[in-house]
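Written out below as structure tokens is the structure these notes cover.
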Amino acid sequence: MEELTERKSKILNIIIQNYLETGEPVGSRTISKYPDLNFSPATIRNEMADLEEMGFIIQPHASAGRIPSDKGYRFYVDGLIAQKDREITEIKDVMFERTERMEQVLKQVVKVLANNTQYATMISAPAISGTKVKFVQLSPVNEHQLLSVVMMSGNIVKNKLIELDNPLTAEETLKLNMLLNSSLNGLTIGDINLALISQMKSQAGEFEDIIEQVLKTVADTIEDEEGLEIYTSGATNIFKYPELSDSQRAKDFIEAFEEKEELKDLIADIEGTSEGETGTGIQVYIGDESPIGSMKDCSVVTATYELGDGIKGTVGIIGPKRMDYKNVMDNLTSIKKKLEQIVKG
């Protein structure tokens with residue numbers, strides 16, 4: 001494919017976009033009306049003549065405007081794919097940096113809470129609530145491989161290589177991209193039901209296997225995000241309180257903090273209930289109210305922090321029933337605000 005000057009590329013893209021919208025041949029007068037083009041009509045006509053000679057556009061009949069050729073469509077589609085690839089790479093880089101930064105922040109948060117309160121503390125990494133599909137991009141890698149890139153809300157990106165029996169044309173790839181995005185954009189995994197899947201496969205025809213593999217990528221992306229990461233600190237603080245320092249109670253408590261499975265159950269219970277009565281997202285479990293067996297002699301105070309776009313996490317403080325509730329709630333409220341400020345900063 002020949003390299004085009006920036007001016008020729010702009011004019012060609014305008015011709016293609018205009019033709020896709022109207023289905024009518026595009027003339028130099030139409031192009032000259034675009035505000036971001038500072039070219040004279042004569043210059044535009046000359047560039048269009050060059051593009052026609054190079055095979056990017058054709059004139060369907062005398063005195064008509066121009067329409068894209070297959071070569072022109074290929075240039076346009078390749079440009080779109082390259083643009084999406086750049087966007088996805090940039091987003092992945094940003095999210096990687098943000099993830100590393102967030103992990104450091106959360107580890108520091110639980111340590112600070114444990115020191116400030118002298119109780120055991122935990123915090124879950126932010127997770128997506130009601131993950132939605134933002135867009136899907138299919139890009140040919142070679143004749144027998146297709147790269148499927150799925151982006152979910154929260155800018156979560158998942159890539160998958162799809163093996164092809166036969167190569168896809170640019171038009172077939174474009175149609176599949178349109179089908180996937182028009183059908184899936186804004187949907188959660190719960191919205192993608194059997195009727196929708198059946199309809200999409202029917203519309204895809206011989207390419208239904210590709211649709212099935214992309215849908216599996218969507219499901220895998222959400223499943224990956226459901227793997228909850230929890231950070232803890234200050235578990236040994238319980239030995240400071242005689243009512244919790246009994247050897248068996250302490251052993252069960254420490255195991256719960258190390259294995260974290262019961263902590264995941266606690267977070268699931270929190271997510272399944274409404275916000276605290278104060279509307280602050282703070283909840284208090286006293287003694288037998290706790291869903292964790294090893295914490296029936298404790299009080300557990302939790303708060304939900306929100307980072308926008310459906311991203312949430314839980315921070316909790318566990319101590320004796322005679323804990324300083326006011327101090328604990330003040331600390332949780334402060335941490336909620338600071339986490340939001342750190343992420344926005």
### Task
Please go through region 176-218 and pick out each residue that is touching a strand residue (DSSP E or B) at 6+ places or on another chain (Cβ under 7 Å) and of a type outside the set (S, T, N, Q).
L176, L180, L184, G186, L187, I210, V214, V218
### Task
Residue by residue through region 1-18, note down the ones that are part of a loop (DSSP other than H, G, I, E, B) and aliphatic (A, V, I, L, M).
M1, L4
### Query
Taking region 139-191, which residues are acidic (D, E) and either part of a loop (DSSP other than H, G, I, E, B) or in contact with a Lys or Arg (Cβ under 8 Å, 6 or more places away or on another chain) (or both)?
E143, D165
### Task
Provide a single number: the residues in region 19-77 that are modelled with pLDDT of 85 or more, touching a Ser or Thr at 6+ places or on another chain (Cβ under 7 Å) and part of a helix (DSSP H, G or I).
3
### Query
If you check T188, T236, T221, T232, which single one turns out to be under 22 Å from G313 (Cα atoms) and modelled with pLDDT of 85 or more?
T232
### Message
For L180, only one of the following conditions fails: (1) aliphatic (A, V, I, L, M); (2) without any contact (Cβ under 8 Å) to a residue 60 or more places away in the chain; (3) farther than 30 Å from H144 by Cα. What is its number?
### Response
(3)
### Task
Kindly establish whether L196 is assigned to a helix (DSSP H, G or I) and under 25 Å from Q145 (Cα atoms).
no
#### Entry: Among (1) under 18 Å from I192 (Cβ atoms); (2) surrounded by fewer than 17 Cβ atoms within 10 Å (Cβ to Cβ); (3) modelled with pLDDT of 80 or more, the one test that G130 misses
(3)
### Query
Going by the conditions given, is D288 out of contact with any strand residue (DSSP E or B) (no Cβ under 7 Å at 6 or more places or on another chain) and at pLDDT 85 or above?
yes
### Task
Report, ordered by the first and then the second residue, all pairs with beta carbons closer than 8 Å, sequence separation of six or more or different chains, a first member in region 255-268 that is in the same structural domain as A235 (by TED's automatic domain parsing) and part of a helix (DSSP H, G or I), and a second member that is of a type in the set (D, E, K, R) and surrounded by 14 or more Cβ atoms within 10 Å (Cβ to Cβ).
A256/E262
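The values are calculated or read from the model by the stated rules, or taken from the named source; none is laboratory data. Because the structure is predicted, anything quoted here is derived from the model rather than measured. Cβ: placed from backbone, ideal geometry, glycine included. Neighbour counts: every protein chain shown.
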